[in-house]
Every structure is written in C-alpha cells, then in structure tokens.
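The values are calculated or read from the model by the stated rules, or taken from the named source; none is laboratory data. Remember, predicted model here, so these are calculated numbers, not experimental data. So basically every Cβ, Gly included, is an ideal-geometry build from the backbone, and we count neighbours across all protein chains shown. For accessibility, only protein heavy atoms count, side chains too; no ligands or nucleic acids. Shrake-Rupley method; radii C 1.70, N 1.55, O 1.52, S 1.80 Å.
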Amino acid sequence: LMARAGHWVFHRDQALAHLDDPAVAPFYGCLSMALTAVGGATLAVGRAWTGTPTAVAVDAVLWSAGLVTGLVAAAGIPYLMVARHRAEPGSASPVWLLPVVAPMVSAAVGPGLVPHLPAGQWQEAMLLGCYALFGVSLLATLVMLPLVFARLVTSGPLPLVLTPTLFLVLGPLGQSTTAVNQLADVAQGAIGAPYASAFSAFAVVYGVPVMGFALLWLALAVALVVRAVRRGMPFAMTWWAFTFPIGTCVTGAAGLARHTGLAAYQWLAVALWIVLAAAWAVAGIRTVRGLLDGRLLAAPQAPQAPVRP
C-alpha cells in the first residue's frame, strides 16, 4: 500500500499510464484480494495470538476495504476497457479476469464474519450479500472467459513469458467452489429453512461440476506450460500465477470433501496442496535470486536500431 501510494504521489503520470494500459490496469483487482485475504487469515489463525475480538475487528476493516476496492475494480476496469482501452484483436489475456474475480474472494472470506454478527437480519444480510458478490463475479467471469479461450483458439498459444497466466483461469473456478462451500457452512444458523438446506445442496451441485472443469483447465494449462518450457520459457513474475489459483482449488476441494464426505476430494486437496507448495517454493526462490542478481529490477531493454552500412 505504501509503495502504491508513493507511486501515485511521486509518479502520477506513470500511474495514470498504467490505468490506460489494458495489460496492466487489471492488476488493480489484486489490491482488493490482498486486503481480503489478509483479513480472513487474521480471523482464521491470527486470533490465537491477538484474541478473537481484535481478529474480528481487523478482518471486518480489511474485508470492508477489500469489498469496496473490489467492486470499484470490477466495475471500473471493464469500463476503462470499453471507454478508453483499445485492445488489439487477439490480445485477450487471462489477466483480464483479475478485477472481476475480486468480489469472489470477498464472497469466500465473508462467511467467516457471519457468526460474529448479531443473529437475525445482520447475519442473513451478510450471507445473502456474499451470495450476491458470488453472482457478480461468476457472471462477469462467464463474459470474460470465452474471450480468453477464443484468443487461444484463433491466435495460438500465449507468448512464452505469459504462458503461466493461463493458471489465472483457475482462480474464479476454485474460488467460487470455495465460496459456496464456505457459505453453506454458516447458512444453517444465519437463514431459516428451507434455504439453509438448499444452500448446502447448492454447494455440492455447483461445486462438483465446476471443480471438474477446473481440473480440465489445469490439464490444458499444464500442457501449454510444458510446451513453453521446452521452447525456453524464461522466469518472470508471471510465475506467481502458479500459486494463488491452485490455492483456490485446494480450498474448493477441501470444501467439497466436507460436504460430500468423499475421501477422493480429500486426496485431491492434498495433491493440489503439494503442487501449491512446490509452486510457491520455485517462484519464491527464483524471485529472491532475481532480486539479488538485479535481473528483476533492471529496466526493460529498448530494441536497438539497425546499423546502417
């Protein structure tokens, strides 16, 4: 937050240029997801050190800030794409999903606050509000995802350095499965029958096929990454796209394991978590190495003009 604020204060021209760049502007959706994730983690595991009241207060503040910034990004970035950006044909990127997946993260983390709200209207409003955020993100994803796949089919694989961003498609798939399962966990005490039972059934009816599609996309993404590696895919910060999206599939599979009782989903969650840990290790080590040797901090090299005879 400090770095971003400093960028706007001291380099406003560059910050505005980022908003005008269809390849960079979608990353503003990450601000919302960062705030929401830290808030949710504070409530989930931080209360052992801070105490429950403090953890709830921190989560409430960060979740609210993430909610507002997420909705602004989910509406504002697509507006810029329509009104100001002029994307070239065949330039659709999985990065375009980042601003619209932000409300889904709020929907997945929000249920943690439901039991700490006053019973009755407050809890029900929070529950249904998170379902509304689920719908906002899901339907926006259904608009964006066909553009990404059409670009792959009509224009071929992404450039090597951008190939890891294919994993970003797993984000809304795994996070939406996580959200419906998290909401089903708290529905019983927050809303009356028959909706509480219906929400539990919806978590399975929705989550199972979406997780199946996520595994299909994972197979496609892995195949294209292997192809890119064989062609010399260099390390870049895009490698961090291997982490968060797989993490959402871990939590989605774990949620399905809770609500179906199937050991297969438990093993799937464990297997995906091992992949997640390996991805974090590789991306982390390569990032530290790139910072130490200066490669990640070096300015882009401008193409050299041809030498005239």
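Among the residues of the stretch 1-23, those that are open to solvent by 60 Å² or more (accessible area, probe 1.4 Å), among the aliphatic types (A, V, I, L, M) and either under 20 Å from residue 38 (Cβ atoms) or more than 24 Å from the chain's Cα centre (by Cα) (or both) comprise 1, 2, 3, 9. Name the residues in the stretch 195-208 that are of a type outside the set (Gly, Ala, Ser) and either free of Cβ contacts under 8 Å to residues at least 12 places away in the same chain or touching a Phe, Trp or Tyr at 6+ places or on another chain (Cβ under 7 Å) (or both), would you? Within the stretch 195-208, 195, 205 meet the criteria. Can residue 192 be described as within 28 Å of residue 128 (Cβ to Cβ), free of Cβ contacts under 8 Å to residues at least 12 places away in the same chain, outside any helix (DSSP H, G or I) and not polar (S, T, N, Q)? Yes, satisfied. Of the residues screened, residue 289 is not one that is assigned to a loop (DSSP other than H, G, I, E, B), open to solvent by 50 Å² or more (accessible area, probe 1.4 Å) and not aromatic (Phe, Trp, Tyr). Comparison of 202, 242 shows that the only residue that is surrounded by 13 or more Cβ atoms within 10 Å (Cβ to Cβ) and either among the basic types (Lys, Arg) or over 20 Å from residue 159 (Cα atoms) (or both) is 202. Taking the stretch 30-51 as the range and being open to solvent by 60 Å² or more (accessible area, probe 1.4 Å) and either free of Cβ contacts under 8 Å to residues at least 40 places away in the same chain or basic (Lys, Arg) (or both) as the test, the residues that pass are 38, 45, 47, 48, 49, 50.
Checking each residue in the stretch 219-246 for being touching a residue at least 60 places away in the same chain (Cβ under 8 Å) and polar (S, T, N, Q) picks out only 238. Could you go through the stretch 95-113 and let me know if any residue there is in contact (Cβ under 8 Å) with a residue 12 or more places away in the chain and either surrounded by fewer than 18 Cβ atoms within 10 Å (Cβ to Cβ) or not in a helix (DSSP H, G or I) (or both). The answer is no; no qualifying residue exists. In the stretch 139-160, of all residues being touching a helix residue (DSSP H, G or I) at 6+ places or on another chain (Cβ under 6 Å) and in a helix (DSSP H, G or I), the one that is surrounded by the fewest Cβ atoms within 10 Å (Cβ to Cβ) corresponds to 160. Residue 211 satisfies every condition listed in (1) of a type outside the set (D, E, K, R); (2) crowded, with 19+ Cβ neighbours inside 10 Å; (3) without any contact (Cβ under 8 Å) to a residue 40 or more places away in the chain except (3).
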